[in-house]
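Written below as structure tokens is the structure these notes are about.
Values in this text are rule-based calculations from the coordinates and carry no lab data. All values reported here derive from a predicted model rather than from experimental measurement. Cβ sites come from the backbone with ideal geometry, for glycine too, and all protein chains shown count toward neighbours.
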Amino acid sequence: MSIVYINILEQPAHLDLQFLQDVLENALYITDFYIKSAVFTMGSNVGENYCSQIYRVKIAYELITDQENIKEISIIIKSIPLIDGIDFLVDLNVFHKEYIFYKYVLPRMEMLFRRENVKFAPRLYKTLKRPLQTLAFEDLTRLKYVLASREKGLDELHARLVMKKLGEFHAASRVLLNNAPEFQTCFKSGMISELSLKRDNGMLMRFFGGSLMSLIELIEKWPDYEEITKKIKKYAANFKENLLRSIASSRNGFNVLNHGDLWVNNMLFQYNELREPVDINLVDFQMSVWSSPGIDINYFFYTSLELNVLQTEYENLIKEYYQSLNHSLRKLNHFESPTYQQIRDEVRKHALYGFFANYGVFPTISMEKQYSIDSSLESFKNDDFAQQKLKQMFSSARLQQTVRYTLKQFDQMGIFDSQNI
């Protein structure tokens, strides 16, 4: 048996033969096989994934009962690196949360839609707690699922498909977690948590704070943005309090399990022969949180849409989501369905979270590839490097065109009004 590493600088010793054998047993539901070889490549490019090391492993194997034919399977392995300064990953308990989701929540959610054969995410094959927290998944490329362009953003067809699937996902989570409330305790906090905010110099807060300051430096030079700049400076003066306000939800409101990090690279699309998207699977549930659907919707709108789609299809996309949610809840015999106005109000209430996503997340994920190839959690610990990257992010034409529109939109919504911040 041979293991080959292609363009991998540090070989993952914890992903040994025994680990791969366990993965195959769970993937194939058999034990009578022999692994011939395993080829490791990186599952994502540098600058495309910040919180994990992603590997794609192609395993050649033969059945003991059929040694004439060599078969092949591809798997995705995600390991969380041990890096000083990533305290926010500890605060968010990302490994345990994702394990609970894939092991217990996802199968039950998909079982609710078993007649329609709805698939939300890849299968989990195996986990490992030590020496590195690791999860091994089904590789969806075998089913022709691929990434869209994060630099360009999603067009209307892609966006409508996302909203349809999100409505189904939220409906299934609502039914499941209402009937099994013990799962809710695993998803108390998402990307923003009170614990992370208590760390005055935590990496996540320094990064988001740096993005906010870069936004202010950019727009204070623009004519017609003087008043908005003043309002955002006031927002910045109460930075942590406003972040907490952006995630606040009513305990008795219409809450669902939010994906929590719903942006382009956490979606895999399947296409027909006309290159039209026909299905979507979601990946990476490290930030999932039980809260208002306004969290996912705002985050998605302000990180992942083409600008013209955000400008022209905002209301229609909310309607698409509502129709899918309402239809799915009725199909699942859950008759406590919110009205369209209630959903619209939830989205509006959490527009402040959309603002956070727009200045804190969108600049990083919309960065052009030539600028992102050296980006990583490790490199962002260096203040000089972080400042250089922020300048590159905020010099992007797409970013500047987008925030020229979104800041005016947020201002019209009233999220910067003095009584609100």
May I ask you to derive the relative contact order of the chain, considering only C-alpha pairs under 8 Å and at least 6 residues apart, and to give it as an integer percent? 19
How large is the convex hull of the Cα atoms of the stretch 2-79 per residue, expressed in Å³ as a whole number? 90
Rounded to the nearest 500, what is the chain's calculated 222 nm mean residue ellipticity when only DSSP H runs of at least 4 contribute -39500 (n - 2.57) each, over all residues? -14000 deg cm²/dmol
Around residue 141, under 11 Å between beta carbons, what's the net of Lys plus Arg minus Asp minus Glu among the other residues? +2
Using Cα pairs under 8 angstrom and six or more residues apart, how large is the relative contact order of the stretch 2-79, in percent? 28
Sequence of 348, 174 once ranked by neighbouring C-beta atoms within 10 Å, starting from the fewest: 348, 174
Kindly express, to the nearest 10 degrees and within the range 0 to 90, the angle between helix 351-360's C-alpha long axis and the longest C-alpha principal axis of the chain. 70
To test your reading of the geometry: what angle, between 0 and 90 degrees and rounded to tens, separates the Cα axis of helix 307-331 from the longest principal axis of the chain? 60
Once both axes come from the Cα atoms, what is the angle between helix 294-304 and the longest principal axis of the chain, in degrees from 0 to 90, rounded to 10? 90
Go ahead and run the numbers for FRET between residue 237 and residue 66, Cβ-Cβ distance against an R0 of 60 Å, rounding to 0.05. 0.30
Options [x] 21.5, 70; [y] 21.9, 75; [z] 22.7, 66 for Rg and Dmax of the Cα atoms in Å; the value derived from the coordinates is listed as [y]
Just tell me which aspartates and glutamates come within less than 19 Å, Cα to Cα, of residue 198; anything on the same chain fewer than 8 places away is out. 84, 87, 91, 241
Backbone HN-Hα couplings from phi across the stretch 219-236 [Karplus 6.51/-1.76/1.60, Hz, Gly and Pro as x]: 7, 5, 8, 8, x, 6, 10, 4, 5, 5, 4, 4, 5, 6, 5, 5, 4, 5
